[in-house]
1. Angle between the Cα long axis of helix 308-327 and the longest principal axis of the chain, 0 to 90 degrees, nearest 10?
2. Determine the per residue accessible area of region 103-191 with all protein chains present and a 1.4 angstrom probe, expressed in square angstrom.
3. Could you derive backbone 3J(HN,Hα) for region 276-290 from the dihedral phi with the Karplus parameters 6.51, -1.76 and 1.60 (θ = phi - 60°), listing whole Hz in sequence and x where the residue is Gly or Pro?
4. Angle, helix 190-203 long axis vs. longest principal axis of the chain, Cα atoms, 0 to 90°, nearest 10?
5. Let's test the formula: R0 of 35 Å, r as the Cβ-Cβ distance of ARG108 and LYS447. What FRET efficiency results, to the nearest 0.05?
6. Given H placed 1.01 Å from N in the peptide plane, which residues other than close sequence neighbours of GLY378 have an amide H under 5 Å from its amide H?
7. Give, in nm to one decimal, the length gained when the segment between TYR148 and HIS160 is fully stretched (0.36 nm per residue of separation minus the Cα-Cα distance).
8. Report, to the nearest 10°, how far helix 411-426 tilts away from the longest principal axis of the Cα atoms in the chain, using its own Cα long axis and a range of 0 to 90°.
Amino acid sequence: MEPFRAKVVEPIPFTTRAQREQALHRAHHNLFNLRADEVTIDLLTDSGTGALSAAQMAAAMLGDESYAGARSYHRFREVVENLTSYPHVLPVHQGRAAERILFSTLLRPGQITLGNTHFDTTRANVELAGGQVHDLPCPEAADLDSPYPFKGDIDLDALHRALTGPDGPRVAAIVMTLTSNGMGGQPVSMANLAETAKLCRAHGVPLFLDAARFAENAWLVTRNEPGYGDRSPREVAEEAFRLADGCTASMKKDGLVNTGGFLGLRDPDLAGRCELLLVATEGFPTYGGLAGRDLDMLAQGLIEVTDPDYLRSRAGTTAYLAELARAAGVAVVEPPGVHAVYLNAGRLLPHIPPHRFPGHALACALYLEGGIRGVECGSLYLGKEDEHGNPVVSAPWELLRLAIPRRVYSQSHIEHVGRTLARIAQHTDHLPGYRITEQAPLLRHFKSRLEPVPLHTDELPATTDSTTPPNPRPHLTATAVPPRGTSAPSL
């Protein structure tokens, strides 16, 4: 059971199907444009959406709002330095601010960053700085059904080839994302991270962590990596930070706060140059765009987040949602990580081609059926089309991410998601595809306008290959939800 109890509660909205249809139409069929009070269960993101602890609320009352040299900053810095070992800690309002400061300072136009999988804002900030992003996921990541536990690993052979090849001198940094959000929330093993660090040292290239979910990565290491079963998540996290030259960190995730982040660095010269940009765009180095109370709550959150009981409960909630999805006949990215369950929408909706966005179609269906908001991770996120809407680049997989806010939803909320998925899975053939009517040149999934489009015969896939079997039709009722901790019905 959860290692906490509720102390403050907030009502959630219940809407009718007609109200949700009207809301989705007004939002131009982009769930980012919905009002929060039109959503019953919000699984759009786990970023900044968690519940604060009583200790964090108490810490907020200690917040020192001095412009320079606040006590809150020194408490925050001490906690971060003890965790990461980085001597230079710059607070920022969220992770993308740390990315902007780092890459704007580090990169020259035409340089390259390599990584396991760059997050969308990381990619955007590299490109805005004139750089190029190359992802090198490990081969095991290509099999969404494989139980391999570390699909977030970087391909070490490909990394070695990149560093020693003709583009090697253009590589400015390696970015390892823990856990790999773009690969379905999959963790990075300590062995892979250590070998990556060795390659970086050998070639004089700095290694940075995207440490938004460092504690969840550490938890999965203790569960699955040989030699780490008797280590605490805190010890694993400390080791991971020691292997790198620095990190960007959105602490709206594993900082357990609603806003905040930091940039941690070892290199004093790079830190000094980053600090100049911080002062010009975020704030004085001892607050960096945050209130003192935010810094105190973040310091407390970093202490709480590596608690094994908390991490065990959080991972259990995610595993339970994955179990419910499988019981509904909806395949998920295996094995499920900790922060989210990724539904294989391409497999569930084989009649919708990638350029008609099956992940987004499932997201809209989930909202219309049950008031649940998720986010597409497929060709709307990663694809490109020509001026006529024909595909130029499609994503490797069509997924829907259901990200679980920390310490927010109960078991019955998760079961509502499972029941809704079961109803949708029984009747998928009628779901429409979508086309974009308006989009931005970067991060288009945030602000795109879309409209449903009926699928014509010439748009339907001619065949279904062995990696994307037809959608199974399990004989389950919409209320067939296994109790948490028991096995799901065999399909």
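The values are calculated or read from the model by the stated rules, or taken from the named source; none is laboratory data. Worth saying up front: this structure is predicted, and the values here are computed from it rather than measured. Cβ placement follows ideal geometry from the backbone for every residue including glycine, while neighbour counts extend to all protein chains displayed. Note: accessible area is taken over every heavy atom of the protein model, side chains too, but ligands, DNA and RNA are not part of it. Shrake-Rupley method; radii C 1.70, N 1.55, O 1.52, S 1.80 Å.
1. It is inclined by approximately 20 degrees.
2. Details: 3090 Å² over 89 residues.
Accessible area per residue: 35 Å².
3. These are the phi-based 3J(HN,Hα) values: 4, 5, 4, 4, 6, 10, 10, x, 4, x, 9, 9, x, x, 10 Hz.
4. 50
5. 0.75
6. LEU399
7. Details: separation 12, 0.36 × 12 = 4.32 nm, distance 2.25 nm.
Here the segment from TYR148 to HIS160 would lengthen by 2.1 nm.
8. Approximately 40 degrees, to the nearest ten.
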